[in-house]
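Shown next, in C-alpha cells, is the structure this report addresses.
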Amino acid sequence: MSLTGNSSLRILAPVALDSTNEEDILLSLHYLLRGLDKEAHLKLYHTLTPDKIRLAPTQGESFLHQIEVAQKQAEEKLRRYQGYLSEKLPASVVISYHIQAHEVAAPAEEILSYLRTESFSLMTLSFKQRRRWERFFGTTALWDLLEEAPIPILLLSAPLTIPPRRLLWLTSMQSESFPLLKTLVPFVHLIRGTLYCAKVNTPTSFITHRTFQRHVLDMCDYIIDHVDPDFIPEECLLYADKDIGEGAVHVAQDFLIDVVVLDTNEALSEWKLVDKLFSQQIPILLLRKAK
C-alpha cells in the first residue's frame, strides 16, 4: 500500500449486486473521495458466483448462456453506478468497473486473487455482504478475506452522509501497536482528516492516567522519529467503561467521530467490538502494520 509521495489513491470496491443496502452504501462513496489532495481511482468489482447460475439449466439453455446473461445484468448495474459516481466527483477521480466472469467461484478467493494482479490502497466492503457470502460459501469466507487481504479495509454498515474526516484510533497505546501509524498517518493526511486516539479502560484491561500519559509521549516520539515529524494527533483520550465496545461507542459519539480505526488482528479477535460499532452504524477502518 502506498499513500505517500505522488501516488494516487486506488480503491477497490467489491459489490454483490443483490442488496439494496449495499447499493446505497456504494453510491455514497463519493463522500470518501471528495476534496482529496491526490488523484484517485475507484474500481467497482463484481465476480459471478454459483448462486447466479442454475445447477440444472432448462432445455435449450446452457451454462455459458446463463453466465452471459448474468454478466450483462451486472454490467448494466455497474455502468449505472459508474455514471452516478462520476457525476458527483471531479475529473481527477476515475471510476471504472471490472467483472470476473472467467470462473464462477467464491468472492473472497476471487478478490484476493485480483489483489495479487493489481495494486490498491484501500478496499471498501458493505457489512451486509458478509451474510450473503456466508450463505453460499461458508462462514469463513469473510474471515479469510479480512485475514489475508494485504491492504486496509473500510467496513461500512450504512451509507456515508458526510466526508469521513474525523478518525478515532482505538488502541492499547502499547509500543507494539505504534507501527500501525506508518499506514494510518499518511491516510489521515490524504483525506485531510483529523486523528484522535483512545484507550478504553475496562475491568480486565486497566492502566493509570500517569501510565497512559507516558504511553502518549512514547507514541508522539515514535511519530516524530519514524512517521512524520510535523504530525500531531488532535487529542489522546483515556476512557473507562464496562467493556471496550461500549467505551468505543461512547468516545465516537462524544467526539463526533466519523470512522473508528482498528488493528485488523485485534478486530478479528474482538468481533463483538465490531458488531457493537456496527449496531451504531459507525464505519470501521481495519489496518495492518506496515512492514
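Computed values, structure above
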| quantity | calculated |
| --- | --- |
| Spans of strands (runs of 3 or more DSSP E) in region 209-291 with at least 3 residues of a type in the set (S, T, N, Q), in contact with a helix residue (DSSP H, G or I) (Cβ under 7 Å, 6 or more places away or on another chain) and under 22 Å from Pro164 (Cβ atoms) | none |
| Residue identified as out of contact with any Leu (no Cβ under 6 Å at 6 or more places or on another chain) and surrounded by 14 or more Cβ atoms within 10 Å (Cβ to Cβ) among Glu235, Glu270 | Glu270 |
| One residue from Ile95, Ile207, Ile153, Ile111 being at pLDDT below 90, β-branched (Val, Ile, Thr) and either crowded, with 20+ Cβ neighbours inside 10 Å or in contact with a strand residue (DSSP E or B) (Cβ under 9 Å, 6 or more places away or on another chain) (or both) | Ile111 |
| Condition check for Glu147: farther than 25 Å from His41 by Cβ and touching a helix residue (DSSP H, G or I) at 6+ places or on another chain (Cβ under 8 Å) | yes |
| Leu181 more than 21 Å from Gly35 (Cβ to Cβ), without any contact (Cβ under 8 Å) to a residue 40 or more places away in the chain and among the aliphatic types (A, V, I, L, M) | no |
| Scan of region 191-208 for residues that are among the β-branched types (Val, Ile, Thr) and assigned to a loop (DSSP other than H, G, I, E, B), ordered by number | Ile191, Thr204, Ile207, Thr208 |
| Residue in region 194-201 that is among the small types (Gly, Ala, Ser) and either modelled with pLDDT under 95 or touching a His at 6+ places or on another chain (Cβ under 6 Å) (or both) present | no |
| Selection within region 254-265 - more than 15 Å from the chain's Cα centre (by Cα) and without any contact (Cβ under 8 Å) to a residue 40 or more places away in the chain | Asp254 |
| Residue check, Ser86 small (Gly, Ala, Ser), assigned by TED's automatic domain parsing to the domain that holds Phe278 and either over 21 Å from Ile244 (Cβ atoms) or at pLDDT below 90 (or both) | no |
| Test: residue in region 195-209 that is among the hydrophobic types (A, V, I, L, M, F, W, C), more than 18 Å from Lys276 (Cα to Cα), in the same structural domain as Gln280 (by TED's automatic domain parsing) and within 23 Å of the chain's Cα centre (by Cα) | yes |
| Region 238-248 - residue that is crowded, with 20+ Cβ neighbours inside 10 Å and among the small types (Gly, Ala, Ser) and, of those, nearest to Thr208 (Cα to Cα) | Gly247 |
| Residue, modelled with the lowest pLDDT, within region 1-23, restricted to residues that are within 17 Å of Met123 (Cα to Cα) and outside any loop (DSSP other than H, G, I, E, B) | Glu22 |
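One line per residue, one yes/no per condition, for (1) in contact with a helix residue (DSSP H, G or I) (Cβ under 7 Å, 6 or more places away or on another chain); (2) modelled with pLDDT of 90 or more; (3) basic (Lys, Arg):
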position: Arg165; (1), (2), (3): no, yes, yes
position: Leu170; (1), (2), (3): yes, yes, no
position: Leu181; (1), (2), (3): yes, yes, no
position: Val188; (1), (2), (3): no, yes, no
position: Arg192; (1), (2), (3): no, no, yes
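The values are calculated or read from the model by the stated rules, or taken from the named source; none is laboratory data. Everything numeric in this text was worked out from a predicted model, so none of it was measured. Don't worry about glycine lacking a Cβ; one is built from the backbone with ideal geometry, like all the others, and counts go over all protein chains shown.
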